[in-house]
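Since the structure comes first, as structure tokens, the remarks are kept for the end.
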Amino acid sequence: MIMADEIDVAHAEAAFLLALRLKTRPQYRGQSAVCCRECGEALPEARRRALPGVQWCVACTASHEQAR
């Protein structure tokens, strides 16, 4: 029984951390930039459509998220 309890606790903690991460992720709104504001690289059309208001390329976004 102890193993099942430990798994339940681990699952609950993982669900909590996932919900927290989703809640604190950047919410993009507005008009997307055509080029990354950090490095100047062109932002793909698909990225601009998927994330309205996006301002950074994938690499610069990852750098900003790691810095937080």
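So that you can scan it fast, the table gives a plain yes or no per residue for (1) of a type in the set (Ser, Thr, Tyr); (2) under 16 Å from the mean Cα position of the chain (by Cα):
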{"site": "Ala19", "(1), (2)": "no, yes"}
{"site": "Thr24", "(1), (2)": "yes, yes"}
{"site": "Gln27", "(1), (2)": "no, yes"}
{"site": "Gly30", "(1), (2)": "no, no"}
{"site": "Cys39", "(1), (2)": "no, no"}
{"site": "Ala42", "(1), (2)": "no, no"}
{"site": "Ala46", "(1), (2)": "no, no"}
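Checked against the criteria, Glu38 counts as in contact (Cβ under 8 Å) with a residue 12 or more places away in the chain and among the acidic types (Asp, Glu).
Just so you know, all these numbers are worked out from the coordinates, no wet-lab data involved. Source: prediction; values computed, not measured. Glycine also receives a Cβ, built like all others from the backbone with ideal geometry; neighbour counts cover every protein chain displayed.
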